[in-house]
Structure formats: structure tokens, C-alpha cells
Amino acid sequence: FNSTEQTTEILLCLSPAEVDNLKEGINFLQNKGTGKGYIVYKNKSRLKACKNLCKHQGGLFIKDIEDLDGRSVRCTKHNWKLDVSTMKYINPPGSFCQDELVVEMDEKNGLSLLELSPPNPWDSDPRTPEDLAFGEVQVTYLTHACMDLKLGDVRMVFDPWLIGPAFARGWWLLHEPPSDWLERLCQADLIYISHMHSDHLSYPTLKKLAKRRPDIPIYVGNTERPVFWNLNQSGVQLTNINVLPFGVWQQVDKNLRFMILMDGVHPEMDTCIIVEYKGHKILNTVDCTRPNGGRLPEKAALMMSDFAGGASGFPMTFSGGKFTEEWKAQFIKTERRKLLNYKARLVKDLQPRIYCPFAGYFVESHPSDKYIKETNIKNDPNELNSLIKKNSGVVTWTPQPGATLDLGRMLKDPTDSKGIIEPPEGTKIYKDSWDFGPYLKILSAAMGDEIFLHSSWIKEYFTWAGFKDYNLVVRMIETDEDFSPYPGGYDYLVDFLDLSFPKKRPSREHPYEEIRSRVDVMRHVVKNGLLWDDLYIGFQTRLQRDPDIYHHLFWNHFQIKLPLTPPNWGSFLKHCG
């Protein structure tokens, strides 16, 4: 059996009688043996089928009561809706397509649902795990999503964010990184950066590293939006960035190789990684929503993933309509619970020997974000770990800055007291102060920029952004720290149907969104042509919308699809002059 060939799996069989019983429209079916659910859509003699599994976060679909023509189903997790006649998601519109299953009929009119499985790329050229000496493979946690791996003679670091904020000024490190973090980075042989979000790609951190080792080899996946799209503007001098194809082993030395995989939900930006040393796999799924479309190696030696939730402006930054404090608190509680159960189930399915929750250790520590800090409750890693222990008996590790896991020891005997070396007594675990000053200064530098003396910057900016032909009117209001209108700031409408800037809302039917943004961050983002994640994930906006629907195409454009080169303000000023 060659594991690099495509395989076919039969997921469900229906007898001729059961096929005759399929009703027109939507049929929910279950394989009694596996407990897994499927949806078959019947239109006269045509049949379409898919798994009953939402592509967003693996929720189950049920009948959609608002569906009048019998074509759509609703996910119980986040109310995403799927039109099973086209296999396209209708809410959020313009987002994903559902993967279809193959429907095969036999000569007696019985039916089989088949899944064509591409080969797992990590199964090409399989290696048998060898014994590891004590101390041969050591994994040291630095902070957030940053791990320092010693793999024989090679050192590899994941996602170094060790100083400064992420998402403009919204996120700060919860943990105090070990004092020798810069030495550790400088000694690395290679660095993997999973995606472009600033809690993984931290320019303040890389700036310090680049001063000492500009040629350090950095590896990223070949995502549609390049991870380092903003390198030139960042002023960070890195000269050895390697963009790798997905699903291909990269041989480092005779014992060590790694492969980068894409995310099934956000393939344009998110990636995860498998590192293999002497046949032992370390799986790091980072922030992927459905890493590699949900197909991952089972029984890895060590698996790490995000766990905390709270990495979004929704719903804390929303107001009006249903968005009362009680509703938000209840939503957050339910969401975090779902995320915990989802992670625990993933660990149970994959059965790694050891699991480590990471990439969620951030805090909204700036005083002006006190409200967010108090309401944006994150999951507790220990709670997840006890859920995992209860469900699957997998060994878990809640990492503290500077703690080291010895893989050889832990695989041999998970109860070995030297398997995990905690940081020395008295080591500072949590940060209690953050150096806000220099970073806020960078943001406020944009405030008085000459371009904002000319109101025509608005048209210039949104024309550059290039989003139009979409029925949505947005009111943008520049505000102070407390989201009150900034004295002398801009307050304007953008009609994205024809990209015009009307004085008042148009008379036609249109969805409307009001976005209040802190003026320093908004102008910094506008001036530098940055993605709106700094505003949205960084909690620097307050939003109201009518009706209360998510405009996927609009947000997706401003968070992922803005032009790669910043606006040409030089020529703009020449014209204004």
C-alpha cells in the first residue's frame, strides 16, 4: 500500500428502499456505525451530498426555519448557512464552498457516498521513530506562540513575538519572556512564522533580531497574501526569507525535516507546521481554524495549538440592537465553551502523546482598553487540559515562560519528574508593566501628517483600497481614546455601491454600518496602507450595524485583500499643493 496515492473511502451506503425514501430537498442521514452525519439534497433525479460539518468550526447543521425553498441548512455553532443545492455558504455571503462527496449508484439503485482522499503529504517517505536520548529534543516555551526547539544539533523557533504590542496597541504579552530571549533567537538555525498577524510576525521583535543577525533563515508558507508583504515599509532588514510550497518535506539534516500546511478556512493567510525528528512528529496547528482542511497526522509525539479565544473584535466592540452587556457576556461564555470542547475533541481524535495549549497568552493591558480586558474572557489552559485528561487520557503541559519539556524523557515515562523542568523559583511569570510610550508615539506620529490637512485624502484612500460595487454604506468617525468624536476629526460616509462620499445616507434600501475608530490608529493604518486587523482585532473600533448582518466581502477585503503597495501620498500631496 503506497500512502502517497489517492484513496477512496465509503462513508455511507443506502439500500434501494432507503434511496426510494429520500424526499425532495434536504435529507439528514447518519451512519449508525460511525455516528457521523451527512446531508443529501435531492432535486428530481439529481443528488448532491456533503458531510454534516460546518467548514467554519466543525458545527452540526440543522433545518433552517427561515428557509422557504427547502435548500438551506443552519449551523448550530455560529448560525452560518449553507445552500445545499449549490454547496455554497449564503451567510456569510461570498465566503466558502462546502466540499462535496461523490454519490455513486449501483445497478440495483442502491447508493454509496464516497470521499476521495488525497494522500497525506507527511506519509510520503515515512520514517520509523527511533529512541531519543535524554536532552536530545527539548522544547522551551518563551511566550504566547513562541517556542524554542532544540532538535539534535539544530535550533528552531516558532513565531517570535517577545516585545511590543500586537494589533496596533490592542494586545500585549501576558507572560514575561525569559531574560535571554534575544540570545535564544540569535542562536536559532531557522525560524518559522505561521502567518502575518502581528502576534506571530512581530516587527518590533524582528527589528532587534535583524540588528544582530539580518541573514537568519526564516521560513513561511506560500500564502496568497505573502506573510512579509509589509517588510520594506517596516524598515526591518531581513535578508533570508524563504517561501515554501505546502505539503512538501524540507530536509534540514539527516534526522530533521519539516513541512508547512495551509488552513482549510483561511488558506490565503494561515498556515501550520509539522516538524519531524528521527521519526517523531511535532504538530503545531497555531491559529488555524481547520488546519489542512481537518486532515492531520495522528499520534504525534507533541501537539500544540491555540486555545484561548478572544482574538476578534466580536462581540465586545459592537453595540446597538441585541448587543447588550448581558448578551455579550453570555455569547462569550458559550463561545469559549464551544472552543474548549472543539479543541478537546480534536486532541481526542488525533491522540498525540503530549498536548500543549499555547498562542493565547495576551492581555489588553493598555488602560484605555480596560473595558475589553474585563469583558473579553479567555479560556483557561488548565481547564482545557483537565477536559482533555478526562476525555482522552492524553498527557498535557501548560507552559510557563522558560519551562522546558524533554521529549525523550516524556515519551519514555510521562511521570518522570525531570520530563518538564519548570523555570527557577522566583522567576517572574506574568508581566506587570508594559512599555507603552514608544509604540503609542509611533501611532500618534501619523496624527498630524500633512495628508490629513486635505479632506480629499478620504477619496484617495478608498479609491486605493479598491472595494466597490457592493451595496453597503459606512459612516466612519474619528474618535478620541473613549470613542467620542475627535475634536476637528473627520466624520464621513462612504457608499461602496459606486464608491461615492455622500453628505447624507442615500434614499435607496441599503445596509448601514457605523465605525468609530481611535484617530491615532486609524490615521496610522490609512497613511501606511495597513490591514484593518489592527483596528478590528486590536479593539480600536466600536461598531454598529443595521441590519445586524456580517458583511464578509467588505471585511475580508479590508483585512486581507488591500493592495500590497501603500497609497502614493507623495503624488497626492503634489496634486494638493
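A few points about this structure:
- Members of the range 531-549 found to be over 18 Å from the mean Cα position of the chain (by Cα) and farther than 11 Å from Ile515 by Cβ, listed by number: Asp546, Pro547, Asp548, Ile549
- Here Gly293 meets each of (1) outside any loop (DSSP other than H, G, I, E, B); (2) at pLDDT below 95; (3) loosely packed, with under 15 Cβ neighbours inside 10 Å with one exception, condition (3).
- Candidates in the range 256-271 are the residues that are in a loop (DSSP other than H, G, I, E, B) and not aliphatic (A, V, I, L, M); of these, the one that is surrounded by the fewest Cβ atoms within 10 Å (Cβ to Cβ) is Glu268.
- Selection within the range 104-134: residues that are surrounded by fewer than 17 Cβ atoms within 10 Å (Cβ to Cβ) and aliphatic (A, V, I, L, M). The member of this set that is nearest to the chain's Cα centre (by Cα) is Leu116.
The rows are residues; the columns are (1) in contact with a Phe, Trp or Tyr (Cβ under 7 Å, 6 or more places away or on another chain); (2) free of Cβ contacts under 8 Å to residues at least 12 places away in the same chain; (3) surrounded by 15 or more Cβ atoms within 10 Å (Cβ to Cβ).
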residue: Met304; (1), (2), (3): yes, no, yes
residue: Phe318; (1), (2), (3): no, no, yes
residue: Thr324; (1), (2), (3): no, yes, no
residue: Gln330; (1), (2), (3): no, yes, no
residue: Glu335; (1), (2), (3): no, no, yes
residue: Ala344; (1), (2), (3): no, no, yes
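- Residue match in the range 59-70 (condition: buried (at least 17 other Cβ atoms within 10 Å of the Cβ), among the basic types (Lys, Arg) and over 27 Å from Pro291 (Cβ atoms)): no
- Positions within the range 272-286 being in a loop (DSSP other than H, G, I, E, B) and within 19 Å of Ile218 (Cα to Cα), in sequence order: Thr285, Val286
- Test: Tyr430 is in contact with a Pro (Cβ under 8 Å, 6 or more places away or on another chain) and among the hydroxyl-bearing types (Ser, Thr, Tyr): no
- Extreme residue, nearest to Lys44 (Cα to Cα), among residues of the range 4-20 that are surrounded by fewer than 10 Cβ atoms within 10 Å (Cβ to Cβ) and over 32 Å from the mean Cα position of the chain (by Cα): Asp20
- Scan of the range 369-391 for residues that are in contact (Cβ under 8 Å) with a residue 40 or more places away in the chain, of a type in the set (S, T, N, Q) and buried (at least 18 other Cβ atoms within 10 Å of the Cβ), ordered by number: Asn376, Asn379
- A single entry from Tyr203, Tyr192 fulfils the requirement of being aromatic (Phe, Trp, Tyr), open to solvent by less than 20 Å² (accessible area, probe 1.4 Å) and closer than 21 Å to Trp171 by Cβ: Tyr192.
- Number of positions in the range 389-444 that are part of a loop (DSSP other than H, G, I, E, B), within 21 Å of Asn379 (Cβ to Cβ) and touching a His at 6+ places or on another chain (Cβ under 8 Å): 4
- In the range 159-189, residue surrounded by the fewest Cβ atoms within 10 Å (Cβ to Cβ) [restricted to those that are acidic (Asp, Glu) and over 27 Å from Ile537 (Cα atoms)]: Glu183
- Whichever residue in the range 392-412 is of a type in the set (A, V, I, L, M) and within 19 Å of Phe358 (Cα to Cα) and, among such residues, is most open to solvent (accessible area, probe 1.4 Å): Val395
- Residue among Gly310, Gly360 that is in a loop (DSSP other than H, G, I, E, B) and at negative phi: Gly360
- One residue from Ser72, Ser95 being touching a residue at least 12 places away in the same chain (Cβ under 8 Å), of a type in the set (Gly, Ala, Ser) and in contact with a Phe, Trp or Tyr (Cβ under 6 Å, 6 or more places away or on another chain): Ser95
- Tallying residues that are without any contact (Cβ under 8 Å) to a residue 24 or more places away in the chain and crowded, with 17+ Cβ neighbours inside 10 Å within the range 447-474 yields 0.
- Residue in the range 133-153 that is at positive phi, in contact (Cβ under 8 Å) with a residue 40 or more places away in the chain and among the aliphatic types (A, V, I, L, M) present: no
- Qualifying residue in the range 485-495 (condition: of a type in the set (Asp, Glu), in contact with a Pro (Cβ under 8 Å, 6 or more places away or on another chain) and over 22 Å from His575 (Cβ atoms)): yes
- Residue in the range 80-101 that is open to solvent by 70 Å² or more (accessible area, probe 1.4 Å), assigned to a loop (DSSP other than H, G, I, E, B), farther than 26 Å from Val19 by Cβ and modelled with pLDDT under 90 present: no
- The number of residues in the range 423-446 being over 15 Å from His366 (Cα atoms) and open to solvent by less than 40 Å² (accessible area, probe 1.4 Å) comes to 3.
- Selected residue (only one of Lys431, Lys412 is under 30 Å from Lys150 (Cβ atoms) and either among the β-branched types (Val, Ile, Thr) or under 28 Å from the mean Cα position of the chain (by Cα) (or both)): Lys431
- Residues of the range 93-118 that are in contact with a Leu (Cβ under 8 Å, 6 or more places away or on another chain) and more than 17 Å from Gly58 (Cβ to Cβ): Pro93, Gly94, Val102, Val103, Glu104, Met105, Gly110, Leu111, Ser112, Leu113, Leu114.
The values are calculated or read from the model by the stated rules, or taken from the named source; none is laboratory data. Note that the structure is predicted; figures quoted are calculated from it, not measured. We place every Cβ from the backbone using ideal geometry, glycine too, and count neighbours over all the protein chains shown. Surface accessibility is based on the protein's heavy atoms, side chains included, excluding ligands, DNA and RNA. Shrake-Rupley method; radii C 1.70, N 1.55, O 1.52, S 1.80 Å.
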